Amino acid sequence: MTERRPCPPAPGPLEEYAARFDDLFTNLAQRRGFREYLTGLLGPRDRNKTITCLAGAEPQVGAGGPAVQRLQFFLSESAWDAGQVNDRRLELLRMQEATAPHDGGVIVIDDSGDRKDGTATAHVGRQWLGRWGKTDNCIVTVTTVWTDGRVYYPLHAQPYTPAHHFARGRADPNFLTKPQISAVLAVRGNEAGFACRAVVADCAYSTSDDWYFALHEADLPYVVALRPRRGSWARADEPHTPIDAARGLTGTDPDHPGDWRPVERRFRDGHTETWWAADARLGGYGPDSPCRLVVATTDPGRLPEKATWYLTTNLPHPDAPHAAASAHPPADLAEIVRLYGLRPWIEQSYKQIKDELGWADFQVRSDQAIRRHQTLVNCAFSFCWDQWFAPPGPLDATAPDPCPDDRPERGIQHAPPAPTSLLAQGLTRRALLAHPGHHPAPLVAGLDRQGPTTRTPGPARRGHYRPRP
C-alpha cells in the first residue's frame, strides 16, 4: 500500500482535532481542504465567510485564485461523504466525558431560515423567516440539538425542500414536511447514541399527527408546546382550547394556589424564578391519560401571553394508573417545566453558528455542497467544545506570530497573512489575529456567553434589504 503523503498541519490545537477525520478522506487535497475550511470558519468575523474569505482572498478579484478554487472544488466536487464526517464528529462528542450524552438531557428540534437570492439554488423558496419576521426568498433547515443546560451542540441538519421543487407538489411521495423531517432527525439522533429524557419542540410541530406517530413508533418521549387558542374536540360544557383549560383551574395567587404548584426554575447565570404549574384537562388530555396537558406560568391569575407555556407530553403523571406499565419513567410538574426550559438552547446555538461561524454565508447552489458546508460548520462548533474541556497545553514557541510588535509604518503595503494563521478572534492579546499556539478557550467563552454576539457592521448596500447597522 502506498504511504500517505503528509498534509500541511492546521494551526495550533486544530491539527489534533482534524487528524481524527483523516481516514474519511481519500487523498491529500481533501485532508488539506478540510483543515483550511475549518481554519477559515474559526477565523475572525471581519466579513461574510464566503469561500474567498475562508481562503484569505480578496472578494471577486481573488475568486479565480488557486486557493479559492481548491476550496470550491473541495466543497462542491470532491468525493467525500458529509454523513460520515458528521458521524465521526458525533462519535468524538460521545467519547469525551464532558460532552457525552446522558438520560437527563433533551433533543431539541427547530428550523431556521436564511435569505438567499434567485431560484437556482437547491431548497430555495419563499418561506417564513422567523429571524426577520417576514416571508422572503430563503432556505430553511431543520436541525436538532442535544443539551442538558450545561453543554449544547448540534446533532443533525436537513434542508427543507418546498413543494414546488417536486413534480407533484405536496402529493409527491418524496416531499416531506418540516415535522416529518424533524421526527426523522430525532430518531436518528437517538439511534446515534444520544440518549434523552424527552424530545422538545415548540408549537410549530404540535399540529402534525405524523410527528406524534413517528416518535411513538420510535418509543421516544416528548414535551411539545401547544397553540393556546387551537381548538380541540370536547363536550359543549367543557374547555375547547388550552387557554380555556388553564382558566378553568382553581387558584390565582401564592396565598390561594388551588390546582397550581410552585416550580423553581434555575437559569444558567445562577438566578432562580418561581413559576406555577398544573395539570389541566382538555378533551383527551389529563393527568391520568396517556397525553397530559401541563400549564406553566409566572402568574396563574393573569396568564401572561409571553410567560405562559401550554405543554403536552407522553411522560406519565407519577400517580397515573398506567405509570408503572409505561415505557417512560414518570415526570412531575417540575421535571416537565425543566425539560421544556431547555428548548432555548437551540436558539443560542443559532447565534454561534450563524453570527460567528458563517452558517448562511455559503455561495454554492447544489444540495451536496450546502449539506457539506453545514456539516463543516458543525465540526467547527464541536471543535470549540473539544478545546473548552481540553487541559491547557504549553505554547508553541515555533509557530509564527501573525501580529509582531515591529509593525510596518503607515503607508507601506504588505501582503495579507496566510489564512492558516487566523484561528480565532480573541485568542491573543492583540486585536483581530490569533497566535496559533495559544489555547482557544477564549473563543469558546465568547461562543458560550449568554448575550447576543456582536457583529462587525458593514457598509450599507442597496438592493439587499438589510437593515442599516
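The values are calculated or read from the model by the stated rules, or taken from the named source; none is laboratory data. Since the model is a prediction, treat every value here as computed from it, not as a measurement. Every residue, glycine among them, receives a Cβ derived from its backbone with ideal geometry; neighbour counts consider all protein chains shown. When the accessible area is computed, the model is the full protein with side chains, heavy atoms only, and any ligands, DNA or RNA have been set aside. Shrake-Rupley method; radii C 1.70, N 1.55, O 1.52, S 1.80 Å.
Beta carbons closer than 6 Å, at least 6 apart along the sequence or on distinct chains, pair a first residue in the stretch 317-338 that is within 26 Å of ARG268 (Cα to Cα) with a second that is open to solvent by 40 Å² or more (accessible area, probe 1.4 Å) for PRO330/PRO318; ASP332/PRO318; LEU333/ARG261. Counting only residues that are under 25 Å from ASP255 (Cα atoms) and either within 30 Å of the chain's Cα centre (by Cα) or among the hydrophobic types (A, V, I, L, M, F, W, C) (or both), the stretch 272-310 holds 22 of them.
Here VAL224 clears all of (1) more than 23 Å from the chain's Cα centre (by Cα); (2) under 22 Å from PRO290 (Cα atoms) except the condition numbered (1). Of the residues making up the stretch 272-293, those that are in contact (Cβ under 8 Å) with a residue 60 or more places away in the chain and either open to solvent by 30 Å² or more (accessible area, probe 1.4 Å) or over 17 Å from HIS328 (Cα atoms) (or both) number 2.
For the stretch 305-334, the tally of residues that are surrounded by fewer than 23 Cβ atoms within 10 Å (Cβ to Cβ), in a helix (DSSP H, G or I) and touching a strand residue (DSSP E or B) at 6+ places or on another chain (Cβ under 9 Å) stands at 2. Out of curiosity, is THR99 in contact with a Leu (Cβ under 6 Å, 6 or more places away or on another chain) and β-branched (Val, Ile, Thr)? Yes.
Each residue in the stretch 52-71 was checked for being open to solvent by 20 Å² or more (accessible area, probe 1.4 Å), under 29 Å from the mean Cα position of the chain (by Cα) and touching a residue at least 60 places away in the same chain (Cβ under 8 Å), and 2 pass. Within the stretch 155-181, restricting attention to residues that are part of a strand (DSSP E or B) and open to solvent by less than 10 Å² (accessible area, probe 1.4 Å), the residue that is nearest to CYS384 (Cα to Cα) is LEU155.
Within the stretch 335-358, the set of residues being within 13 Å of the chain's Cα centre (by Cα) and in a helix (DSSP H, G or I) comprises PRO344, TRP345, ILE346, GLU347, GLN348, SER349, TYR350, LYS351, GLN352, ILE353, LYS354, ASP355.
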